[in-house]
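Asks: Quick one: this structure, given as structure tokens, is what I'll be asking you about.
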Amino acid sequence: MRIGVWGLWLGVLWAQWVPGPRVDSLPPGWADSLLSRSAGDDTLFYQAEDSLAFDLYRREARLYRSVRLRQTTLRLETGYARLEWGTGLLYGYGRWENDSLRELPVFWYGQERYEMDSLRYDVAKRR
């Protein structure tokens, strides 16, 4: 315990506890990717025509417009994609343009091709 602020006010000695410096910069419960056994196998290549937004608090990435994702055995082309790296879930949706839905998800797993309205895929479990 470290007492950081103390003083004397109206004859009463008071002290306030101040936390010490953290040993690790990662919050408790967050895993370090360097300690993962399969950290090298999980490389995901991505491309987006419009923008890419990382939300570190929610642990997710959002890609907008003409999105292309590629991993060793899977590939996704869609209008909007969201990857939650805390849970390993990948979502793909089309995008609205002029009152119609465009760029619906097209998913490849190996040589198999799937066209769909929306996609929810667990990258870790591969299903």
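Asks: How do the pairs read when you match residues in region 76-90 that are at positive phi with residues anywhere that are surrounded by fewer than 23 Cβ atoms within 10 Å (Cβ to Cβ), using Cβ under 9 Å and keeping only pairs 6 or more apart or on different chains?
Replies: Gly88/Asp42; Gly88/Asp122; Gly88/Val123; Gly88/Ala124; Gly88/Lys125
Asks: Among (1) modelled with pLDDT under 85; (2) within 17 Å of the chain's Cα centre (by Cα), where does Ala61 come up short?
Replies: (1)
Asks: Tally time: how many residues in region 112-127 are farther than 19 Å from Tyr46 by Cβ and modelled with pLDDT under 90?
Replies: 2
Asks: Counting just the residues of region 72-103 that are farther than 16 Å from Tyr46 by Cα and touching a Leu at 6+ places or on another chain (Cβ under 9 Å), which one comes out modelled with the highest pLDDT?
Replies: It comes out as Gly94.
Asks: Gly92: under 20 Å from Glu49 (Cα atoms), surrounded by 14 or more Cβ atoms within 10 Å (Cβ to Cβ) and either in contact with an Asp or Glu (Cβ under 9 Å, 6 or more places away or on another chain) or not β-branched (Val, Ile, Thr) (or both), yes or no?
Replies: yes
Asks: Right, here's the next one. Just one of the numbered conditions (1) more than 15 Å from Glu103 (Cβ to Cβ); (2) among the hydroxyl-bearing types (Ser, Thr, Tyr); (3) at pLDDT 85 or above is not true of Ser25; which one?
Replies: Failing condition for Ser25: (3).
Asks: Say whether the condition of being outside any loop (DSSP other than H, G, I, E, B), more than 23 Å from Tyr109 (Cα to Cα) and modelled with pLDDT of 60 or more is met by at least one residue in region 31-51. Explain how you work it out, then say what you get.
Replies: In the first step, residues of region 31-51 are kept if they are outside any loop (DSSP other than H, G, I, E, B); the result is 33-35, 45-47, 51.
Imposing the further condition that a residue be more than 23 Å from Tyr109 (Cα to Cα) reduces the set to 33-35, 51.
Next cut, modelled with pLDDT of 60 or more only: 51.
Looking for residues that are outside any loop (DSSP other than H, G, I, E, B), more than 23 Å from Tyr109 (Cα to Cα) and modelled with pLDDT of 60 or more, one finds at least one in region 31-51, hence yes.
The values are calculated or read from the model by the stated rules, or taken from the named source; none is laboratory data. Please read these numbers as outputs of a predicted model, since none were measured by experiment. Neighbour counts run over all protein chains shown; Cβ positions are idealised from the backbone, glycine included.
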